[in-house]
Amino acid sequence: MKKYFAVLASVLCLAGGSAAAHHSFSVFNMQTEINVTGTVKEVQWTNPHIWVWVDVSDAEGNVVTWGLEGMSPNYLARRGWERTTLKAGDEITVSLRPLNSGEPGGMFVQTTTPDGTVLGMGGAQRNSAD
């Protein structure tokens, strides 16, 4: 019986370690929040996290595609998001935690849509028409 509990405890410890590793934010600069404005190119409403691809013009006028990682579809759906909340062609301003590597991407924090609605990873926060 002791051997059974030892094996069970080992399995639980290993499973907990892999779950914690999945939620690492080490690739993002968590001390910095920046804003980018652009056009939604694509939304990947997939598990384990959604991805929003935004075309942003750089200082020279070149279009650079930013990849933004968000929360899970299930998490967002419970907070009022739908698969069609952001669509290709939408002009948005996004607040994000940038990648430490300096590449164009980061962790999606919130966005402001053209109608003034602020959508965070926690759900709709306000609407300018209210």
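Every read-out reported here was derived from the displayed coordinates using simple, explicitly stated rules and does not represent laboratory data. All values reported here derive from a predicted model rather than from experimental measurement. Because the Cβ atoms are built from the backbone with ideal geometry, glycine has one as well, and the counts that use them run over all protein chains shown.
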(request) Rounding to the nearest 20 debye, state how big the charge dipole of the stretch 27-126 is about its Cα centre with +1 on each Lys and Arg Cβ and -1 on each Asp and Glu Cβ. (result) 480
(message) If packing is taken as the average count of other Cβ atoms within 10 Å, what order do 48-58, 26-36 fall into, highest mean first?
(response) 48-58, 26-36
(request) Return the FRET efficiency for the residue pair residue 32, residue 55: r is the Cβ-Cβ distance, R0 is 25 Å, and the value is rounded to the nearest 0.05. (result) 0.70
(request) Normalising by the residue count of the stretch 27-126, find the relative contact order in percent from Cα pairs under 8 Å and 6+ residues apart. (result) 30
(request) Between beta-carbons, use under 13 Å as the cut-off and find the net charge around residue 109, counting Lys and Arg +1, Asp and Glu -1. (result) -1
(request) Quote to one decimal, in nm, the extra length available between residue 78 and residue 115 on full extension: 0.36 nm per residue of separation minus the C-alpha distance between them. (result) 11.1 nm
(message) Only counting other Cβ atoms within 10 Å, I'd like 78, 97 sorted with the fewest neighbours first.
(response) 78, 97
